[in-house]
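Enquirer: Got a structure for you, written out below as structure tokens; questions coming shortly.
What follows draws every value from the coordinates through simple rules; no lab data is involved. The structure displayed is predicted, hence computed values, not measured ones. Every residue, glycine among them, receives a Cβ derived from its backbone with ideal geometry; neighbour counts consider all protein chains shown.
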Amino acid sequence: MPENNSPFSLGLARLLNAVLSTDPKQRGRVSRSLMAAFVYVVGGLLCEFGLRRWPLSVAGVRVYELLGLLVCAGTYVALRSGWSLRFGDPSLTMLQIAAAQLSGALFYAVMSPVRGAMLSLQVMIALFAIFSLKLREQLQVTGQALLVMGLTMVALAWWWPQTYEPAVEWVHFTVLLTILTPVSLLGVQLTSMRLNLAQQKADLETALDRIKTLVDKDEMTGLLNRRAMREMILHHLKLQSRSGDGSVLALINLDAFRRINDLYGHAVGDDALRLFAQEVRKVLRDTDLVARWGGEEFLVLLTATTADQALVAMDRLRDGLMKADGPPQAPDLRVHFSAGVAEMTPLESMDKALERAEAALHRAKVLGRNRSELALEPALSEVATALIKSTRTF
């Protein structure tokens, strides 16, 4: 067997590309048209055999062969050139089926001694329609087949009753009707199943998207939840270790949030959380991440950022909240927050960086709230962290 890079393989690949096209969709359309052309070729060979075996009409055979040649050549040129792409159905399916049905009727008339066997062509066309067409088009194909063959049989029996005995034609039409009817009903059932499966697939995809949203997002604020945020931060730390870009964690806690709930009710408290989520999205870049870390606490990851730049971002967020209108039930309410900002290092774990940010947040609370504090360096934060765990009051 030749190697894939042999001259034979390369030449064969170029030939197939030239004949079928390099575009995958066009390649499939052209391939199907060539398979249909093979059926026409077989029909022509059968006609040539029939001319030597039975007294067939030479003119009829030549007309059938010419029609098949024109249909095959015309379809191939229309598909391969891309001319068919201007239509809603680039495969020209209905046009090819109509041409095949007319050709099958002519084949039936030409092969008079064995014409009963030629009825299978119309059945084969109907079966093709089941798997490629919509319900309405399938019914149209079945109706066309019965109409074309019915008119053909009536004409043949009228003009040449000695060869095409009316009783025999009636039997043939009854057989065709008997076969095409269940085939059409089968097509209806298969199409219905296909549509149901497509709808079920769409519903499943919608449900999966919803589940993914519920898994990754906080339902109230639409921000990332704690689990998703942790995964993303860990992934970012791996990338940071390769790129060397700095990043900052900002742990944010809304000030006096319990008082908001007590004075205005939990509905207003929920609106305050949503307001914060709305404003923080305005401040952050597309590359930054924010999550509802728990209750009235939020965690922000600012990528490719220094600690000083993060502090500026926190001030911008604070200004945005001051200018934003409060919830409808409490329009004068202004949401304030305290933040602890910790610059992350590649050698430090996420949990250690969070501990430093939490310590800075605690300092912001102690120093009067509604402010941001920069976390201590990792080496200086050990004692502070232990102290905070025992005295945390916010």
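Enquirer: Calculate, for residue 124 and residue 13, the FRET efficiency according to 1/(1 + (r/R0)^6) with r their C-beta to C-beta distance and R0 30 Å; round to the nearest 0.05. Mind dumping the intermediate values first?
Expert: Numbers: r = 32 Å, r/R0 = 1.06.
E(calc), rounded to 0.05, equals 0.40.
Enquirer: Shifting gears a bit: Per DSSP H run of at least 4 residues, take -39500 (n - 2.57); add these up for the chain, divide by its residues and hand me the 222 nm value, nearest 500 deg cm²/dmol.
Expert: Numbers: 13 runs with 264 residues, N = 394.
Taken over the chain, the calculation gives -23000 deg cm²/dmol.
Enquirer: Between residue 178 and residue 134, 0.36 nm times their residue separation minus their Cα-Cα distance comes to what? Display every interim value, and only then the final one.
Expert: Details: separation 44, 0.36 × 44 = 15.84 nm, distance 2.20 nm.
Taking 0.36 nm per residue and subtracting the Cα distance, the gain is 13.6 nm.
Enquirer: Under a crude label model (7 Å from the Cα following the beta-carbon direction), how far is residue 67 from residue 54 in nanometres?
Expert: 1.7
Enquirer: Next question, about the same structure. Pull out a ≥ b ≥ c, the square roots of the eigenvalues of the alpha-carbon gyration tensor of the range 220-308, then state rounded if a/c is under 1.5, prolate if not and a/b is larger than b/c, and oblate in the remaining case. Intermediate results must be reported in sequence, preceding the final value.
Expert: On the way: a/c = 2.71, a/b = 2.37, b/c = 1.14.
Prolate, because a/c is 1.5 or more and a/b exceeds b/c.
Enquirer: Taking the DSSP beta bridges in the chain as the whole, what percent of them are antiparallel, to the nearest 5?
Expert: Values: 21 of 25 bridges.
Here the antiparallel bridges make up roughly 85 percent for the chain.
Enquirer: What percent do you get for the relative contact order of the chain when only Cα pairs under 8 Å and 6+ apart count?
Expert: Numbers: 452 pairs, mean separation 39.9, N = 394.
About 10 percent, as a whole number.
Enquirer: Also: Quick one: length gained pulling residue 220 to residue 201 fully straight, 0.36 nm per residue minus the C-alpha distance?
Expert: On the way: separation 19, 0.36 × 19 = 6.84 nm, distance 2.80 nm.
Length gained, residue 220 through residue 201: 4.0 nm.
Enquirer: Over the range 226-391, calculate the relative contact order: mean separation of alpha carbon pairs under 8 Å at least 6 apart, over the residue count, as a percent. All intermediate terms of the calculation are to be shown ahead of the outcome.
Expert: Values: 264 pairs, mean separation 43.9, N = 166.
Taking the mean separation of contacting Cα pairs over the length of the range 226-391, I get 26 percent.
Enquirer: Run the numbers on the range 6-158 and let me know its relative contact order in percent, using alpha-carbon pairs under 8 Å that are six or more apart.
Expert: Working: 101 pairs, mean separation 30.5, N = 153.
Once divided by the residue count of the range 6-158, the mean separation gives 20 percent.
Enquirer: I've got another one for you. Please list the non-local residues whose amide H lies under 5 Å from the amide H of residue 224, H modeled 1.01 Å from N, same-chain partners needing a gap of 5 or more.
Expert: 218, 290, 292
Enquirer: Nearest 10 degrees is fine. How inclined is helix 93-110 to the longest principal axis of the chain, computing both from alpha carbons?
Expert: 20
Enquirer: In the range 69-174, which chymotrypsin sites (Phe, Trp or Tyr not before Pro) are in a loop and have at most 15 other Cβ atoms within 10 Å, using DSSP for the loop call?
Expert: On the way: sites: 76, 83, 87, 107, 108, 128, 131, 158, 159, 164, 170, 173; in loops: 87, 164.
Passing sites in the range 69-174 are 87.
Enquirer: Then there is this: If you fit an axis through the alpha-carbon atoms of helix 119-132 and take the longest principal axis of the Cα set of the chain, what angle between them do you get, 0 to 90°, nearest 10?
Expert: Helix 119-132 and the main axis of the chain meet at about 10 degrees.
Enquirer: Okay, next question. On a full-extension model of 0.36 nm per residue, what is the gain between residue 227 and residue 192, subtracting their alpha-carbon distance, rounded to one decimal in nm? Don't skip to the end; give the middle numbers.
Expert: Working: separation 35, 0.36 × 35 = 12.60 nm, distance 4.17 nm.
My answer for the length gained is 8.4 nm.
Enquirer: Taking the Cα centre as origin and putting +1 on Lys and Arg beta-carbons and -1 on Asp and Glu beta-carbons, what dipole magnitude results for the chain, to the nearest 20 debye?
Expert: Once rounded to the nearest 20, the dipole reads 820 debye.
Enquirer: Report D for the chain in µm² per second (integer): Stokes-Einstein, Kirkwood Rh on Cα pairs, 25 °C, 0.890 mPa s.
Expert: Details: Rh = 28.3 Å.
Translational diffusion coefficient: 87 µm²/s.
Enquirer: Follow-up. Taking H as built 1.01 Å from N, whose amide H comes closer than 5 Å to the amide H of residue 324, not counting residues under 5 places away?
Expert: Sorted by chain and number, the residues that satisfy this come to none at all.
Enquirer: Could you calculate the FRET efficiency of residue 158 with residue 81 from 1/(1 + (r/R0)^6), where r is the beta carbon distance between them and R0 is 35 Å, rounded to 0.05? Walk me through the numbers before you get to the answer.
Expert: Numbers: r = 42 Å, r/R0 = 1.19.
That gives a FRET efficiency of 0.25.
Enquirer: Let me ask you something else. Among 363, 62, 52, determine the one that fluctuates most according to a GNM of the chain built with springs between C-alpha atoms less than 10 Å apart.
Expert: Most flexible of the set in this elastic network: 52.
Enquirer: Another one. Rank 26, 122, 101 by mean-square fluctuation in a GNM of the chain with C-alpha springs under 10 angstrom and give only the top-ranked residue.
Expert: Residue with maximal mean-square fluctuation among 26, 122, 101: 26.
Enquirer: Okay, next question. In the Gaussian network model of the chain, springs joining C-alpha atoms below 10 Å, which of 231, 343, 296 carries the largest mean-square fluctuation?
Expert: 231
Enquirer: Working from Cα positions, state the angle (0 to 90°, nearest 10) between the long axis of helix 58-80 and the longest principal axis of the chain.
Expert: That helix lies at roughly 10 degrees to the long axis.
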